[in-house]
1. Among the residues of the range 54-70, are any out of contact with any Leu (no Cβ under 6 Å at 6 or more places or on another chain), among the hydroxyl-bearing types (Ser, Thr, Tyr) and farther than 24 Å from residue 171 by Cα?
2. Scanning for something buried (at least 19 other Cβ atoms within 10 Å of the Cβ), in a helix (DSSP H, G or I) and out of contact with any strand residue (DSSP E or B) (no Cβ under 6 Å at 6 or more places or on another chain), does the range 62-75 turn up at least one residue?
3. Is it the case that residue 48 is free of Cβ contacts under 8 Å to residues at least 40 places away in the same chain and among the hydroxyl-bearing types (Ser, Thr, Tyr)?
4. Condition check: among the polar types (S, T, N, Q), surrounded by fewer than 11 Cβ atoms within 10 Å (Cβ to Cβ), at pLDDT 90 or above and assigned to a strand (DSSP E or B). Does residue 152 satisfy that?
5. All but one of (1) at pLDDT 90 or above; (2) under 25 Å from residue 171 (Cα atoms) hold for residue 42; state the number of the condition that does not hold.
6. Would you mention how many residues in the range 120-149 are in a loop (DSSP other than H, G, I, E, B), modelled with pLDDT of 85 or more and among the aliphatic types (A, V, I, L, M)?
7. Run residue 109 past the list (1) part of a loop (DSSP other than H, G, I, E, B); (2) among the hydroxyl-bearing types (Ser, Thr, Tyr); (3) touching a strand residue (DSSP E or B) at 6+ places or on another chain (Cβ under 6 Å); (4) within 24 Å of residue 157 (Cβ to Cβ) and report the number of the one that doesn't hold.
8. Restricting attention to the range 118-126, does a residue exist that is surrounded by 18 or more Cβ atoms within 10 Å (Cβ to Cβ), closer than 22 Å to residue 33 by Cα and not polar (S, T, N, Q)?
Amino acid sequence: MKDKKYPVLYATNLMGTLYKHCSIHPTVYFNIRLNEDMLKSDEDYQSYMEQIIDECYVNIVNKFTFSQALKVTNNKIPFIIFRGNVDKGMVKQFCRTLLDEVSFSTKASHVADYMMIDTMFMQIGKAPKFYRVNSVGDKLSETDFLSLYGETLESSEKPEDAGWLTTYYDFKRGPAKSEEEQEEIVAW
C-alpha cells in the first residue's frame, strides 16, 4: 500500500504550540491580487493592499478561533493551518467576503488566489516520525502550489461592505488630525 504524500510546512520550533511534529492539518492560502488599473492610477493603492493582506490573515485567524488557527510563514509566503475541526466551506466563504469587501471599498473588481489542502507540519532539523516517513512530501512554499492545488476567487457583481477590513477611504484619510476629530477619552 502506497502512503499519500503531504506537502510540508516547516516551523523553527513547535514548543508552546498545540501542533505536534509530523501532524496533518487543513491549510489555507489566500492572496488578493493587485488591480493593475488602480496600481497605475493611485499611489496609495499598493500600501493599502499590503495592509489589507495582513488584515485578511488576522481576520481569518480570529474568525476561526475554535479551529485554533495559526499563521505560518514559509519563504515569506503566509499560510494558515487549522487544528482540524474547521469547516472548509466556511473558510472559503469568508475569504470571498473579504475579497468582496476589498472590491466594495476600492470600487474596483479584484480576484484572489485561494488554496485549501491538508499539509504536514514539521519542525526544522527534526527527523520525521517512523510512521510518517513515507508521507513526507515537498516543502509547500518551494512547489508551484497554486497551479497544483489552488483556484481563483472572483469578487461578486454587487460586492458589499461587511466591516472586517479597513476601508480605502479611511486608509487615505489617515488618523484623525485635530483634537476635535479625536474621540473623547473618559477615565473612570
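1. Yes - at least one qualifying residue is present in the range 54-70.
2. yes
3. Criteria not met by residue 48.
4. yes
5. (1)
6. 1
7. So residue 109 meets the others, but not (3).
8. Looking for residues that are surrounded by 18 or more Cβ atoms within 10 Å (Cβ to Cβ), closer than 22 Å to residue 33 by Cα and not polar (S, T, N, Q), one finds none in the range 118-126, hence no.
The values are calculated or read from the model by the stated rules, or taken from the named source; none is laboratory data. Nothing here was measured: the structure is a model prediction, and the numbers come from that model. Glycine gets a Cβ as well: all are built from the backbone with ideal geometry, and neighbour counts include every protein chain shown.
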